[in-house]
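One structure below.
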Amino acid sequence: MRIGIFGGTFNPIHLGHLAIAIALKEAHYLDHVYFVPTHTNPQKQGVTAASSEHRLKMLRSALRGIADCSILTLELNRPGPSYMIDTVRELKKDKRFKEAELFLLMGEDLLQRFSEWKSPQELVQYCQPLVAKRSGAELTGDWQKDPELRDAILRGITETPLYDVSATNIRERLKNGLFCGHLVDRSVLLYIKKERLYDSI
Ligand code: ATP
């Protein structure tokens, strides 16, 4: 089995996330993609995210009806900060994943600070990174100086049409009462409105 692991804060999940998950799944013939909501991202300190419960409910709602995509809650169940290498080590011990080939899905923006992640060399040994990259974009980051990281990352670069959208931009639009139906799944938007999640950020 070829299994994709897609970590993120998903605060909230948006159509850019779904687009890269599906594009990478198809391009690399993955059997399944697991979305892994983070408890707290060590590289996003100072940004208060919606609670784990709200983020999980939005993810469930957005993924309803999408084949071969589901959620793993192991990071939410661990105290933060969340490190992907700890998650992958846990998965390797889980008999559901023992025989699986693991792939780490991410957008190109994460590459900039990838070498600061916990144990990046070990991570890429366990888990081939698959990086969704906009065509023509220049890749940056200190990972380029480390031959092992460089080889692994370059092997997984995948040109994908990217949506020009981020959760930050969506939270800002919501706060300003702007339309977001073209950026976020309808059921997620209804949930956000019902729970008044991003009225003040
Ligand atoms: P924020 O704006 O709050 O930082 P975000 O939209 O970047 O959030 P995250 O949950 O932090 O979302 O990202 C999870 C993953 O999704 C990361 O790998 C990130 O690179 C990727 N990603 C986010 N938005 C896009 C997009 N528009 N296109 C491609 N990848 C994306």
Quiz item: Once label points are set 7 Å from the Cα along Cα→Cβ at both Met1 and Arg196, what is their separation, rounded to one decimal in nm?
Solution: 4.2 nm
Practice problem: May I have the convex hull volume per residue, in Å³, for the Cα set of the stretch 136-189? | Solution: 134 Å³
Exercise. Counting only DSSP beta bridges with both residues in the chain, tell me the antiparallel percent, nearest 5.
Key: 0 percent
Quiz prompt | Rounded tilt (10° steps) of 84-93 against the dominant C-alpha axis of the chain | solution = 70 degrees
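As an exercise, find the ratio Rg/Rh for the stretch 1-50 from alpha-carbon atoms, using the Kirkwood inverse-distance average for Rh. Don't jump to the answer; show the numbers that get you there.
On the way: Rg = 12.5 Å, Rh = 12.0 Å.
We get a ratio of 1.04 for the stretch 1-50.
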Quiz item: Hey, rough spin-label estimate for Leu154 and Glu90, points 7 angstrom out along Cα→Cβ, what's it come to in nanometres?
Solution: 3.4 nm
Self-check item: Orientation-averaged projected area, Cα convex hull of the stretch 77-187 (nm²)
Solution: 9.5 nm²
Practice problem: For Ser119 paired with Arg173, estimate the spin-label separation in nm (one decimal), with each label point 7 Å from Cα along the Cα-to-Cβ line. | Solution: 3.9 nm
Self-check item: Inter-centroid distance (Cα atoms) of the stretch 92-139 relative to the stretch 155-201, Å
Solution: 24 Å
Quiz prompt | Cross-link pairs beyond the 29 Å C-alpha cut-off, checked among Lys95/Lys193; Lys95/Lys145; Lys95/Lys118; Lys98/Lys118; Lys44/Lys193 | solution = Lys95/Lys193; Lys95/Lys145
Quiz item: Which whole-Hz ³J(HN,Hα) couplings does the stretch 141-154 yield from phi under the Karplus relation 6.51 cos²θ - 1.76 cosθ + 1.60, θ = phi - 60°, glycine and proline marked x?
Solution: x, 6, 4, 5, 7, 9, x, 5, 5, 4, 4, 5, 5, 5
Self-check item: For the chain, calculated [θ]222 nm from helices alone, where every DSSP H run of n ≥ 4 adds -39500 (n - 2.57)
Solution: -10000 deg cm²/dmol
Self-check item: Rounded tilt (10° steps) of 15-27 against the dominant C-alpha axis of the chain
Solution: 30 degrees
Quiz item: Given H placed on each backbone N at 1.01 Å, which residues far from Val33 in sequence or on other chains put an amide H within less than 5 Å of it?
Solution: Gly4, Cys69, Ser70
Quiz prompt | Check: the chain dipole with +1 on Lys, Arg Cβ and -1 on Asp, Glu Cβ, in debye | solution = 700 debye
Quiz item: Any idea what angle helix 52-63 forms with the longest principal axis of the chain, computed on alpha-carbon atoms, 0 to 90 degrees, nearest 10?
Solution: 80 degrees
Quiz item: Looking at the P(r) of the stretch 2-167, how many percent of alpha-carbon pairs lie beyond 28 Å?
Solution: 14 percent
Practice problem: Could you pull out the chymotrypsin sites (Phe, Trp or Tyr not before Pro) across the stretch 1-97 that fall in loop regions by DSSP (anything but H, G, I, E, B) with no more than 15 other Cβ atoms inside 10 Å? | Solution: Tyr29
Quiz item: Going toward the positive end of the dipole of the chain, with +1 on Lys and Arg Cβ and -1 on Asp and Glu Cβ, which of Leu183, Pro147, Leu24 do you reach last?
Solution: Leu183
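Bear in mind that the values in this text are calculations on the coordinates, not laboratory data. This is a predicted model, so every value here is computed, not measured. Because the Cβ atoms are built from the backbone with ideal geometry, glycine has one as well, and the counts that use them run over all protein chains shown.
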